[in-house]
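The values are calculated or read from the model by the stated rules, or taken from the named source; none is laboratory data. None of the values given here were measured: they were computed from a predicted structure. Note that each Cβ is placed from the backbone with ideal geometry, even for glycine, and that neighbours are counted across all protein chains shown.
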Amino acid sequence: MRRICFLADTTEIAQKSLEKLRKIYGCSSAGKAEVFVVLGGDGFMLQTLHRHIGKGLPFYGMNRGSVGFLMNRYEEANLPERLNAAGLITLHPLVMDAFAINGRHKKALAFNEVSLWRQSRQTADISISVDGVQKLPNLICDGVLVSTPAGSTAYNFSAHGPILPLASNVLALTPISPFRPRRWQGAILPRHAVVSFDVLQGDKRPVSVAADSTEMRNVVKVTVQENSSVGLNLLFDPERNLEDRVLDEQFLG
């Protein structure tokens with residue numbers, strides 16, 4: 001891979017790295033490139049995946065941000081060789097269908113998670129159904145989320161959800177500060193499951209939803225499922241294998 005399209009975050013460190021790499025390797029347009037090299041952190045990588053979802057090119061991230069879980073190390077030398085030696089992981093996003101009190105509808109993709117949370121001082125009251133069958137009539141909580149395996153080490157893990165191996169073919173359904181039922185810790189669902197959230201007392205206990213960075217307020221119903229027809233390919237150095245890092249996260253304190 002020698003026709004590289006570099007994409008960089010607006011931060012100073014990412015922009016300086018972009019300038020250096022363009023001088024060394026040049027920069028192809030998105031239409032002529034063989035690969036996107038993304039300079040930034042995980043947030044910018046997610047933005048880039050959404051922005052270029054229809055291009056059909058692989059994405060190789062180099063960390064110029066903070067956590068960089070979806071990124072490789074930053075190194076200027078031997079980039080074409082690293083790209084050719086990289087392993088490939090295919091990510092399938094969730095698709096969110098959300099409906100608001102005023103009748104508005106929003107559809108969006110999420111590579112990490114779809115999360116609902118209260119937008120006032122009062123807890124949310126949410127009914128949860130899986131494949132059309134009500135499983136939890138009333139979850140009184142700060143929120144609830146559905147996570148992909150790739151996103152399970154992010155917000156889902158912070159909410160005490162399980163870390164999911166990439167090849168597990170499951171999704172995590174995780175409550176955020178549940179009040180009733182107090183001991184409910186969530187569920188692991190098959191990847192083809194359709195999860196529906198009905199917001200109860202939405203006028204009194206308003207709820208927002210977000211699919212990665214796409215947000216909608218005052219929702220009354222949200223449906224989440226995997227979109228297996230959409231797949232984006234991420235490249236990782238052999239020593240930064242994403243599957244191994246997801247596994248290793250389960251043994252960190």
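Inside segment 119-161, residues that are part of a strand (DSSP E or B), of a type outside the set (Lys, Arg) and over 13 Å from GLN225 (Cα atoms) make up a count of 16. For segment 132-149, the condition of being of a type in the set (Gly, Ala, Ser) and surrounded by fewer than 18 Cβ atoms within 10 Å (Cβ to Cβ) holds for at least one residue.
Checked against (1) under 22 Å from VAL220 (Cα atoms); (2) surrounded by 21 or more Cβ atoms within 10 Å (Cβ to Cβ), LEU171 passes all but condition (1). Residue count for segment 117-127, restricted to those that are buried (at least 16 other Cβ atoms within 10 Å of the Cβ), over 21 Å from the mean Cα position of the chain (by Cα) and not polar (S, T, N, Q): 3. What pairs come up if the first residue lies in segment 189-205 and is of a type in the set (Gly, Ala, Ser), the second is not in a strand (DSSP E or B), and their beta carbons are under 9 Å apart, counting only those six or more places apart or on different chains? Every condition considered, the pairs that remain are ALA193/ASP131; SER196/ASP131; SER196/GLY132; GLY202/ILE101; GLY202/ASN218. Please verify whether VAL199 is of a type outside the set (S, T, N, Q), surrounded by 19 or more Cβ atoms within 10 Å (Cβ to Cβ) and over 19 Å from the mean Cα position of the chain (by Cα), treating the condition exactly as stated. Yes.
The condition (being touching a residue at least 60 places away in the same chain (Cβ under 8 Å) and under 19 Å from the mean Cα position of the chain (by Cα)) is satisfied by just one residue among PRO80, PRO93: PRO93. When LEU116 is tested against (1) closer than 30 Å to ARG182 by Cβ; (2) aliphatic (A, V, I, L, M); (3) in a loop (DSSP other than H, G, I, E, B), only condition (3) is not met. Criterion applied to LEU164, LEU109 was being farther than 30 Å from ARG22 by Cα, assigned to a loop (DSSP other than H, G, I, E, B) and either under 20 Å from the mean Cα position of the chain (by Cα) or touching a residue at least 40 places away in the same chain (Cβ under 8 Å) (or both), and the one residue passing it is LEU164.
Just one of the listed residues (ASN84, ASN138, ASN102) is in the same structural domain as GLY43 (by TED's automatic domain parsing) and out of contact with any helix residue (DSSP H, G or I) (no Cβ under 9 Å at 6 or more places or on another chain), namely ASN84. I'd like the residue in segment 205-234 that is at pLDDT 95 or above and small (Gly, Ala, Ser) and, out of all such residues, is surrounded by the most Cβ atoms within 10 Å (Cβ to Cβ). Filtering first and then ranking leaves ALA211.
Identify, please: which residue in segment 73-116 is of a type in the set (Lys, Arg) and surrounded by fewer than 19 Cβ atoms within 10 Å (Cβ to Cβ) and is, among those, farthest from GLY26 (Cα to Cα)? Once the filter is applied, the top-ranked residue is ARG104.
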